[in-house]
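Q: Below: one structure in structure tokens.
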Amino acid sequence: MGKNKETAMPARRVRISRGEQIFYVINYIVMAAVGLICLYPMWYVLVASFSDPNKMMMHTGGLLKPLGFSTSAYEKVFANPNIISGYRNVLFILIVGVILCLIMTSLGAYVLSRKNLLWKKPLMLFIMFTMFFSGGMIPFYLNLKSFNLTNSLWGLIIPFMITTYNMIILRTSFESIPESLIEAAQIDGASHMKILTSIVLPLSKAALAVQVLYYGVEKWNAWFWASSIIRDRDKLPLQVILREILLSSTANMQAGGGGDTEAIGRTIRYATIMVATVPILMIYPLIQKYFTKGVMIGAVKE
């Protein structure tokens with residue numbers, strides 16, 4: 001009995017029309033131009049921060065490479081005695097704050113994602129109300145003071161553990177999980193906490209990655225309430241310290257300090273931007289593959 005010989009079909013090449021070729025070329029050119037427009041300001045700040053202050057003060061227009069080479073701006077920034085404590089404080093706020101935010105947001109999103117939740121719609125409307133109306137800055141500060149959260153790093157973490165928008169995104173992600181998985185776990189006797197930690201969270205990695213990015217950027221860039229409630233300088237986060245350095249250099253420039261003081265004040269502005277943004281930019285590539293998928297979850301359904 002002879003064996004059936006399978007004849008391999010030759011791969012058919014998809015023919016692209018002339019109009020499609022022109023479209024792809026134009027599309028690539030436009031996207032490359034947009035990419036350059038987005039990247040050039042970052043490159044300008046980087047090379048300007050390493051430029052010689054005196055040459056930078058005399059320069060106008062674009063910049064493709066450092067004018068000379070100098071690290072004096074970074075030396076001035078890191079010469080501030082509060083930089084190390086600022087890094088320590090912001091890392092504490094970032095790590096502890098993001099972890100607590102993920103825990104509280106996950107708990108709230110899981111409850112709101114349950115179909116049999118009593119008064120689910122009124123509760124959701126009540127929560128969404130906080131996105132548009134708040135008690136105001138003074139009542140908020142008085143609450144912090146009454147709970148002894150002023151002049152404490154916990155005052156920058158505990159009151160900000162849940163963002164309504166982020167909780168809605170995570171709730172929508174939880175609702176997209178097949179209900180049959182939840183019901184099967186309940187039949188086996190799993191508690192809600194077991195369902196959340198063993199089923200819901202592992203299936204929502206993309207949404208959780210987005211939450212890490214959103215909360216991480218929020219904690220890293222926060223400076224207003226830190227400057228409002230923190231009195232001890234050794235408790236100030238990095239952003240407040242950098243803001244003080246930036247304002248000090250700007251004031252010296254406006255006062256006409258002259259000479260090296262005015263020149264280095266220009267490059268200090270760029271150095272503070274790099275110090276403030278590079279650490280958070282290093283985190284983004286680690287979760288980029290989850291970001292596109294996770295950020296679209298909130299657009300699927302309400």
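Q: Kindly rank 204-210, 158-164, 237-243 from highest to lowest mean number of other beta carbons found within 10 Å of each residue.
A: 237-243, 204-210, 158-164
Q: Take the alpha-carbon centre of the stretch 134-213, take the same for the stretch 56-70, and report the distance between them in whole Å.
A: Centre-to-centre (Cα) distance: 47 Å.
Q: Suppose a student asked you for the relative contact order of the chain, using Cα pairs under 8 Å spaced at least 6 residues apart; what percent would you report?
A: Normalised by residue count, the contact order of the chain is 29 percent.
Q: Do any of K76/K235; K120/K194; K194/K235; K76/K145; K145/K194; K55/K235 go past 31 Å between their Cα atoms, and which?
A: In this structure, K194/K235; K76/K145; K145/K194; K55/K235 lie more than 31 Å apart at Cα.
Q: Normalised by the number of residues in the stretch 5-141, what is the relative contact order in percent for Cα pairs under 8 Å and 6+ residues apart?
A: Computed over the stretch 5-141, the figure is 12 percent.
Q: Looking only at R114, R269, R15, which one moves most when the chain is put into a Gaussian network model with springs between Cα atoms under 10 Å?
A: It is R15.
Q: When the accessible area of the stretch 180-225 is split by element with a 1.4 Å probe, what percent falls to carbon and sulfur?
A: Taking all protein chains in place, the stretch 180-225 shows 65 percent carbon and sulfur surface.
Q: Related question: Considering just Cα atoms, how many Å³ per residue does the convex hull of the chain enclose?
A: Here the figure is 277 Å³ per residue.
Q: Using a 1.4 angstrom probe, figure out how much accessible area the chain has per residue, in square angstrom, rounded to the nearest whole.
A: Result: 64 Å² per residue.
Q: Please list, in order along the stretch 84-95, the HN-Hα scalar couplings obtained from phi with the Karplus expression 6.51 cos²θ - 1.76 cosθ + 1.60 (θ = phi - 60°), rounded to whole Hz, x for Gly and Pro.
A: Once rounded to whole Hz, the list reads 5, 5, x, 4, 4, 5, 5, 5, 5, 4, 5, 5.
Q: Any idea which of L94, L144, S72 is furthest toward the positive side of the dipole for the chain, if Lys and Arg beta-carbons carry +1 and Asp and Glu beta-carbons -1?
A: Looking along the dipole axis, the top candidate is L94.
Q: Computing the accessible area with a 1.4 Å probe over protein heavy atoms, can you report the carbon and sulfur percentage for the stretch 69-123?
A: 74 percent
Q: Follow-up. Among I29, I83, I245, whose mean-square fluctuation peaks in a Gaussian network model of the chain (Cα, cutoff 10 Å)?
A: Of the options given, I29 has the highest mean-square fluctuation.
Q: Related question: Show that you can apply the helix-only estimate: for the chain, add -39,500 (n - 2.57) for every DSSP H stretch of four or more residues, divide by all residues, and state [θ] at 222 nm to the nearest 500.
A: -21500 deg cm²/dmol
The values are calculated or read from the model by the stated rules, or taken from the named source; none is laboratory data. This is a predicted model, so every value here is computed, not measured. Every residue, glycine among them, receives a Cβ derived from its backbone with ideal geometry; neighbour counts consider all protein chains shown. Only protein heavy atoms, including side chains, enter the accessible area calculation; ligands, DNA and RNA are left aside. Shrake-Rupley method; radii C 1.70, N 1.55, O 1.52, S 1.80 Å.
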